[in-house]
Amino acid sequence: MRVMVAIDGSDESLYALKWALDLLLVGPKDNADDVATSTGTATLEAPHAGSHENVSMVTLIHVMQPFQNYVLPAAGSAELRKEQEEKAAAILARALEICKDKMIKAETLILRGDPKDRICEATEQRHVDLLVVGSRGLGMVKR
């Protein structure tokens, strides 16, 4: 099973990563049997705790939104792009550390563009079985 987790550095995205690693890839710690959660006709099964035979890799994806030309002067845009790339690398390094702690093999992918479009494109191109994203972090009023 190929799993992709979208990471933006928020607590919600890191929670989604931990959820995916704990429940989908590692399996529940208190149950040695296969766990199946059924909704209608679709069934999602988690492998045995500690068994990674069904998981080939977790892909961590971060999408940097492009800068608008009318907002930035041309002279300062290179510095801001470099800073944005460093921030993206730091976000994914934090997510990789979580994967390393759970002993899950992971790869990272940094893209530029509209996050919703680029994440969907990457999911299709890489033939991902499951895409995991966190909530937007908005409260009831802002939602």
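The values are calculated or read from the model by the stated rules, or taken from the named source; none is laboratory data. The structure presented is a predicted model; accordingly, all values stated were derived computationally and were not measured. Cβ placement follows ideal geometry from the backbone for every residue including glycine, while neighbour counts extend to all protein chains displayed. Accessible surface is based on the protein model in full, side chains and every heavy atom, while ligands, DNA and RNA are left aside. Shrake-Rupley method; radii C 1.70, N 1.55, O 1.52, S 1.80 Å.
Out of the residues in the range 119-128 that are under 12 Å from residue 2 (Cα atoms) and open to solvent by less than 30 Å² (accessible area, probe 1.4 Å), which is modelled with the lowest pLDDT? Here the answer is 128. Could you look through the range 73-118, keep only residues that are open to solvent by 30 Å² or more (accessible area, probe 1.4 Å) and of a type in the set (Val, Ile, Thr), and pick out the one that is nearest to residue 14 (Cα to Cα)? The residue in question is 108. When the range 1-21 is limited to residues that are open to solvent by 10 Å² or more (accessible area, probe 1.4 Å) and part of a loop (DSSP other than H, G, I, E, B), the one that is nearest to residue 115 (Cα to Cα) turns out to be 8.
Cβ-Cβ contacts under 6 Å between residues 6 or more apart (or on different chains), taken from a first residue in the range 93-118 that is within 13 Å of residue 6 (Cα to Cα) to a second residue that is open to solvent by 60 Å² or more (accessible area, probe 1.4 Å) and of a type in the set (Gly, Ala, Ser), are absent. Contact map, the range 56-72: residues that are within 15 Å of residue 14 (Cα to Cα) paired with residues that are at pLDDT below 70, Cβ distance under 9 Å, separation 6+ or inter-chain. Pairs shown: 58/25. Only one entry of 56, 77, 38 meets the criterion of being modelled with pLDDT of 60 or more and among the hydroxyl-bearing types (Ser, Thr, Tyr), and that entry is 77.
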